[in-house]
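Below is one structure. I have some questions about it.
The values are calculated or read from the model by the stated rules, or taken from the named source; none is laboratory data. Source: prediction; values computed, not measured. Because the Cβ atoms are built from the backbone with ideal geometry, glycine has one as well, and the counts that use them run over all protein chains shown. What goes into the accessible areas is simple: the full protein's heavy atoms, side chains included, and nothing from ligands, DNA or RNA. Shrake-Rupley method; radii C 1.70, N 1.55, O 1.52, S 1.80 Å.
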Amino acid sequence: MHSVRFTDQLKALLSIAARLKEEIDAEALVVLLEGTADFVKLKGLVGETKLIVAADTADQLNGVGEAGLLSVRIDMPDAPIYERLSQAVLEAVADDLLSPGAKVVALYSGFDVEALDSISVMDLDEHLNRLTGRDLRQLETRVPLDTLKLVVDLAIEIGREGREGKPVGTLFVVGDSRKVLASSHPTGFDPVRGYSRKERNLNDPRVREGIKEIAQMDGAIIVSADAVVEAACRYLDCSAANVTLSKGLGARHWAAAAISRATNAVAITVSQSNGTVRIFQNGEVVLRIEPQLRRPMVWRDFEYEPPEPRHEE
């Protein structure tokens, strides 16, 4: 693996990038590495400029903290530059290194993998608005991305279309299904009971259409990591006593936060009032998607409001 050479060209580019950051009032300079670097020397060249180093491996980032720089690991060595830069800023936002509406100046290897030779300005407000529910890589989860994408896209359809002209609110719990089932109980009739796994697999468009009908019923829909609907109409028993959420969210969202905190599952809610899809992990809302706009955003501001008795929004 090559090491970044601090040539006169690179020194000039770093100087230009740092000045550009100040001129446009950007929040940080992001350097996307293809190899390793002398981070002490890099820190000396940028001075007090806020700099975030992004790279694919832990070895590439060895020594970043000691040099007084920030870092994010993206682990996408074969992806195009655009996707790697996108992932870098998403990781930085998720780690609270950047605010969602910030501007950043990015320095990267656009033409020669052995040289940092390109500068771009990224407006995160506009950039994040272009992302869709498929950009879920920042979720550190045991749920396979394909399954998560499948359920999120289904939730977006439910939020946008409703059912028979009426808005529908629902809750999916994906992954760690054995523990989720143990932490819940039936509300009554389970409409998927008795069907084979093939007949409950969300990869089948007919099954997804059937789940849209079930989504109108009370209770959570439990989905395994391999996209099979394990149960429906389940009441979640987890306590929300230590959960904090934004004001205005109903009992469905509190239940989603609680189950995602108590298990390794990811919970996905559809708000009946406006169709908004929220994704919960570790007791927090980590992504919000407006189905009408396909606009996800990282949601990090929480205000505590005690949950009311069970009440669907």
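How do the peptides 255-263, 200-208 rank, highest first, by the average count of neighbouring beta carbon atoms within 10 Å per residue?
255-263, 200-208
Moving to a separate point now. Could you go through the range 260-273 in sequence order and give the Karplus-derived ³J(HN,Hα) for each residue, using 6.51 cos²θ - 1.76 cosθ + 1.60 with θ = phi - 60°, rounded to whole Hz, and x for Gly and Pro?
6, 7, 7, 9, 8, 7, 10, 9, 10, 10, 10, 7, 5, 6
Could you check the simple spin-label distance between Tyr82 and Asn242, using points 7 Å along Cα→Cβ, in nm with one decimal?
4.4
Rank by packing, highest mean first: peptides 145-153, 173-181, with packing defined as the count of other Cβ atoms within 10 Å averaged across residues.
173-181, 145-153
Given a 1.4 Å probe and the protein chains all in place, what does the accessible area of Asp75 round to, in Å² to the nearest 10?
For Asp75, the solvent-accessible surface is approximately 100 Å².
How high is the FRET efficiency between Tyr195 and Asn282 when r is their beta carbon distance and R₀ equals 41 Å, given to the nearest 0.05?
About 0.85, to the nearest 0.05.
Taking a ≥ b ≥ c as the square roots of the Cα gyration tensor eigenvalues, with a/c under 1.5 meaning rounded and otherwise prolate when a/b beats b/c, else oblate, which class fits the range 1-133?
rounded
Here's another thing I want to ask about it. Show me the ranking of peptides 192-198, 24-30 by mean Cβ neighbours inside 10 Å, starting with the highest.
24-30, 192-198
Further, regarding this structure: Could you report the range 145-217's accessible area per residue, 1.4 Å probe, as an integer in Å²?
For the range 145-217, the solvent-accessible area averages 55 Å² per residue.
Cross-link partners among lysines for Lys50, C-alpha distance below 28 Å, same-chain residues fewer than 8 apart left out?
Straight-line reach from Lys50, under 28 Å: Lys11, Lys21, Lys41, Lys103.
Here's a follow-up. Calculate, for the range 1-98, the solvent-accessible area per residue in square angstrom, rolling a 1.4 angstrom probe over the heavy atoms of the protein chains.
Per residue, the range 1-98 has 48 Å² of solvent-accessible surface.
Quick one: which residues, 5+ away or cross-chain, put their amide H under 5 Å from the amide H of Arg163? H built at 1.01 Å from N.
Here Val168 satisfy the definition.
Amide H of Val192: which non-local residues (sequence gap of 5 or more, or other chain) have their own amide H closer than 5 Å, using H built in the peptide plane?
Those lying under 5 Å, H to H, from Val192 are Ala232.
Would you please give the FRET efficiency between Asp38 and Ser120, computed as 1/(1 + (r/R0)^6) with r the Cβ-Cβ distance and R0 = 30 Å, to the nearest 0.05?
0.80
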